[in-house]
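To start, the structure itself, in structure tokens.
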Amino acid sequence: MPRMTMIEAIRSAMDVSMERDGDVVVFGEDVGYFGGVFRGTQGLQQKYGKTRCFDVPINESGIVGAAIGMAAYGLKPCVEIQFADYMYPAYDQLTQEAARLRYRSNGDFTCPVTIRMPTGGGIFGGQTHSQSPEALFTHVCGLQVVVPSNPYDAKGLLISSIENPDPVIFLEPKRLYNGPFDGHHDKPVTSWAAHPLGEVPAEHYTVPLGKAVVRRPGSAVTVLAYGTMVHVAEATAEETGIDAEVIDLRTLLPLDLETIVQSVKKTGRCMVVHEATLTSGFGAELAALVQEHCFYHLEAPIVRVAGWDTPYPHAQEWDYFPGPARVGRALREMMEA
Amino acid sequence: MTDGQGNNPTGRLSLHVPEPEVRPGGKPDFSNVTIPKAGSVRRPEVDEHPEAMRDLAFSIIRVLDREGEAVGPWAGSLTNEELMEGLRHMMLLRAFDSRMLMAQRQGKTSFYMQHLGEEAVSCAFRKALLPGDMNFPTYRQAGLLIAGGYPMVDMMNEIYSNDADPLKGRQLPVLYSSKEYGFFTISGNLATQYIQAVGWAMASAIKNDTKIAAGWIGDGATAESDFHAALVFASTYRAPVILNVVNNQWAISTFQGIARGGSGTFAARGLGFGLPSLRVDGNDYLAVHAVAKWAAERARRNIGPTLIEYVTYRVGAHSTSDDPSAYRPKEESEAWPLGDPVIRLKNHLIRIGAWSEERHKQMEAEIRDTVVAAQKEAEKHGTLHSGGRPSMRDMFEGVYAEMPPHLKRQRQQAGV
């Protein structure tokens, strides 16, 4: 089986989808000739022509608005917002338009659009290239929100997203593009070459939306994570020797509550880890759901480890990032509770 | 502060905030609106270079003159039968508005928006399109549905949010949707549909199809960023789209000078994008149709998009939620120099011997009966506060193609 980095797997998902379905079109800033600033669309314009993969004017609302019009026509656009931090001008189109076409027209018009955007920090991107805005999307009815943590899932989930009849926000943790980063920024960079989930079929396959997966079985505590934090949580479990069960949510909306509840009922403890700021973050939703469904199984308060409630800083990147040290400390404290 | 000569002797800055010519209590004044003679504006070939027709952004294309004659190079796009049909559509829309406005006042629905004075714009435009074309309208283009033959009862069912509402009570009154009739679901927020129209048109071109799109926006909403997005995308990809700006002078209480700024016209906004930008008398059914047909041909021949500014006047309130006498003189609509679109077309038809006062009265009565009958039919299915209404279960449907587990749980909690 071929080995791919996460960015190669994402490109392969679009390639396979464009090959199978002439209605799939790909566009965004620097996406056409150049192949994207992270190389996510490299070679697609050469292979499928300028009318199926092209560059656009720098206008995110325009990108999403045009995609909505195309989807209403019958195409299946898969568009790129260059950084998740750039999505704000498109927020109206995403939340009040894409998310609601089906509902407000009673199914007369639908919006099968996939919006890819690199998310998260870890690359010294400062406050406008590091944000994790997933909770701004999970709060919007009509959207679906996906965050892959590895090449295999990224390809299968992106194909599922493109084939989905409703809009999907596809957040790509940019620090994972080229390797399974576990938060140890001072250690040599590891690549996907040695990781089992770097094995990616060249052909079409799907990973279903709405299904979480247990990455590391354990009995002491359930750690809910997605994206980069899955690798941080796994590493922390090994380093602390705490037998954590790490769940990779993969899709935040719709959420696989069943897998979460099953695990927390078994371990009796629950920690949520995300890179996004703490207050009103997706961790708050997860904590609320866990206490609603597992209250009498909990042996300790639910703990959230997240980005601090500050803008993402530049120099203090690693003080901000909830890496293994912070997660490990919180895990130990939780086990003492 | 600047003196009359453009000097600023004190060096102190001051902010300019535009004001309309007249406020309530004042005498209406449209002396600043230059109205060229009907028939005086040239009609270029559709493939003329946009740079060569910049003059059209600063004039007003008019066909009907003061005597009701159709004159000049833009005349002759419609037969007498088509003109009589056009008159009927405008009268239907006006009668429909009048009944629904009354229904709102009677508490049968929450809200309404009428077209009074602007009927020609959407009614005439619709006749320049072909089946399969798609409009991306605002809330003041119901003439697209009326002139397209959409059932009036279904419009009323939507307005009443009753149990026959095609949109299941999910949308505000007048925010219709009909793919079949080339009418994109109206959002209710502003300008978002403009760039969507461009995207739809791009899709038609990507698929090498033959269909074209039309985007709609009001003068006030041209200030939105999505207007700019639409123009730049339309220009870059030469999308087969007609970009309509309905300049009815007022954005709720804000006069058009606030959105227009220092630019001479709204049509002129298109010039920087290299778009042919035409200004047309929006109260002249013949002129609206001729210009729309010209732009549609340009799109269909794959030459590219066109921007059209319809110069008109919003005679009524913005909606049932505002009182225009609070922000403009009551007599202003009567002073509007481009007249009433229904009367102008009627006079033209009488002038050419195709119509009479008597036939007009007959049609008025027949239309009133048609609208009243439709209203009775709709009210059998209920109004907002009485009779049939969409079910509570409907509220949970259609958020997604397939209902996700969390929504199923909530529906269960709601007991439906």
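What follows draws every value from the coordinates through simple rules; no lab data is involved. Quantities reported herein were computed from a predicted structural model and do not represent experimental measurements. Glycine also receives a Cβ, built like all others from the backbone with ideal geometry; neighbour counts cover every protein chain displayed.
Each Lys and Arg contributes +1 and each Asp and Glu -1, all at the Cβ; summed about the Cα centre of region A:6-198, the dipole is approximately 200 debye.
With a Förster radius of 22 Å applied to the C-beta separation of residue A:3 and residue A:46, the computed FRET efficiency comes to 0.45. Rounded to the nearest 20 debye, the dipole size of region A:213-336 about its Cα centre is 160 debye, using +1 on the Cβ of Lys and Arg and -1 on the Cβ of Asp and Glu. Counting only other chain Cβ atoms within 10 Å of each residue's Cβ, the peptide B:392-399 averages 3. The length gained by stretching the chain between residue A:213 and residue A:243 to full extension, at 0.36 nm per residue less their Cα-Cα distance, is 9.1 nm.
Other residues lying with their Cβ under 9 Å from the Cβ of residue B:24 contribute a combined charge of +3, Lys and Arg counting +1, Asp and Glu -1. Across peptide B:174-183, the average count of Cβ atoms from other chains found within 10 Å of a residue's Cβ is 2. Looking at this model, which pairs from B:37/B:211; A:47/B:408; A:50/B:179; A:47/B:179; B:108/B:293; B:27/B:361 are more than 31 angstrom apart at the alpha-carbon? The pairs that break the limit, which is 31 Å between Cα atoms, are B:37/B:211; A:47/B:408; A:47/B:179; B:108/B:293; B:27/B:361.
Between residue A:55 and residue A:297, the contour length at 0.36 nm per residue exceeds the alpha carbon distance by 81.9 nm.
Answer rounded, prolate or oblate for region A:137-263, using the Cα gyration tensor with square roots of eigenvalues a ≥ b ≥ c: rounded when a/c is under 1.5, else prolate when a/b is larger than b/c, else oblate.
oblate
Near the amide H of residue A:24, within less than 5 Å, lie the amide hydrogens of A:76, all on another chain or at least 5 residues away, with H placed in the peptide plane. Shown for region A:60-219: lysine pairs separated by 8 or more places, or found on different chains, whose C-alpha atoms are under 19 Å apart, numbering 4.
Across region B:326-339, rounded Karplus estimates of 3J(HN,Hα) from the backbone phi angles (6.51 cos²θ - 1.76 cosθ + 1.60, θ = phi - 60°) give 7, 10, 8, x, 4, 8, 4, 5, 6, 7, 4, x, 9, x Hz, Gly and Pro being marked x.
Quick one: what do you get for region B:180-280 if you divide its Cα Rg by 2.2 N^0.38 Å?
Scaled against compact globular proteins, the figure is 1.07.
For residue B:214, the residues whose modelled amide H falls within less than 5 Å of its own, excluding neighbours fewer than 5 places apart on the same chain, are B:134, B:135, B:136, B:242. Residues A:6, B:91, arranged from fewest to most other Cβ atoms within 10 angstrom of their Cβ, appear as B:91, A:6. The value of relative contact order for region A:6-198, using C-alpha pairs under 8 Å at least six residues apart, is 22 percent.
When a/c reaches 1.5 or more, the comparison of a/b and b/c decides; with that in mind, is chain A rounded, prolate or oblate per its Cα gyration tensor? Prolate, because a/c is 1.5 or more and a/b exceeds b/c. Taking a ≥ b ≥ c as the square roots of the eigenvalues of the alpha-carbon gyration tensor, region A:213-336 is classed prolate because a/c is 1.5 or more and a/b outweighs b/c. Antiparallel beta bridges, as assigned by DSSP with both residues in the protein assembly as shown, represent about 15 percent of the total such bridges.
Quick check: the distance between the Cα centres of region B:33-52 and region A:307-330, to the nearest angstrom? A separation of 63 Å, based on Cα centres. When exposed loop sites are taken as trypsin sites (Lys or Arg not before Pro) in a DSSP loop with at most 15 other Cβ atoms within 10 Å, the longest stretch of chain B clear of them is B:180-300.
Beta-bridge orientation, region A:213-336: approximately 20 percent antiparallel, per DSSP, counting only bridges with both partners inside. Between the C-alpha center of region A:130-204 and that of region A:1-17 there is a gap of 12 Å.
Report the Cα centroid-to-centroid distance between region B:141-197 and region A:76-96 in angstrom, as an integer. Measuring centre to centre over Cα atoms gives 26 Å. Counted residue by residue at 0.36 nm each, then reduced by the alpha carbon distance between them, the extension gain from residue B:323 to residue B:402 reaches 24.1 nm.
Can you sort B:49, B:381 by how many other beta carbons sit within 10 Å, fewest first?
The most exposed by this proxy come first: B:49, B:381.
The charge dipole of the protein assembly as shown, taken about its Cα centre with unit charges on the Cβ atoms of Lys, Arg (+1), Asp and Glu (-1) only, comes to about 760 debye.
Considering Cα pairs under 8 angstrom that are at least six residues apart, work out the relative contact order of chain B and quote it in whole percent. With pairs under 8 Å counted, the relative contact order is 23 percent. Remark: C-alpha extents of the protein assembly as shown on the principal axes read 95, 62, 61 Å, sorted largest to smallest. Paramagnetic label reach from residue B:357 (point 7 Å along Cα→Cβ; backbone nitrogen cut-off under 15 Å): within region B:319-349, residues B:346-348. For the segment B:31-41, counting C-beta atoms of other chains within 10 Å of every residue's C-beta and taking the mean gives 0. Within a straight-line Cα-Cα reach of under 18 Å, residue B:376 can be paired with the following aspartates and glutamates, leaving aside sequence neighbours fewer than 8 residues apart in one chain: B:97, B:154, B:158, B:163, B:165, B:366.
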